[in-house]
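Some notes on the structure that comes next.
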Amino acid sequence: MTTAHYLRLIDGMRTKEFPLERVSSGSGISGPGYHTTLLLGEDERSEADEADRLELRARRMAEHDALLALLTLRWGEPQMVSLWSAQERMLAGEVIADPWAEPVASCEYLLLWRTGDRWTAVVLYLEDDGPGCELGVLVTVVDPP
């Protein structure tokens, strides 16, 4: 996919109605008040060596940075939101509402814009113990935790 394709996908997510129930939508999940999608997922080639995986991670980081640059031109500087306190609350037993539960459980931070009545977040999922890297987007009317 190209950055232009990502922008069209995000625009579609921002204008699409939210379903009344949680449903799978190809590379993402939609539910009451939100849409999520995985733009760049883990490479399915299990035989890829460490060097290939590091190169893939570098390419994905570059695509992440390019997407952020275009969204920043469009909407201004994003809010960088630390998820640490929400992670602590989740570990203490608090239920974090969708669509925030997955990023809270998996990421240190996310980048967030508020445009109109919707939040748009770009989420970078980095593997703790390896070079894995996934890029996700969520669009929601649900306030961040």
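The values are calculated or read from the model by the stated rules, or taken from the named source; none is laboratory data. None of these values were measured; they are calculated from a predicted model. Surface areas here come from the heavy atoms of the whole protein model, side chains and all, with no ligands, DNA or RNA. Shrake-Rupley method; radii C 1.70, N 1.55, O 1.52, S 1.80 Å.
Just one of (1) open to solvent by 80 Å² or more (accessible area, probe 1.4 Å); (2) closer than 18 Å to ILE29 by Cα; (3) at pLDDT 95 or above fails for THR120. It is (1). Among the residues of region 1-35, not one is of a type in the set (Ser, Thr, Tyr) and on the phi > 0 side of the Ramachandran plot.
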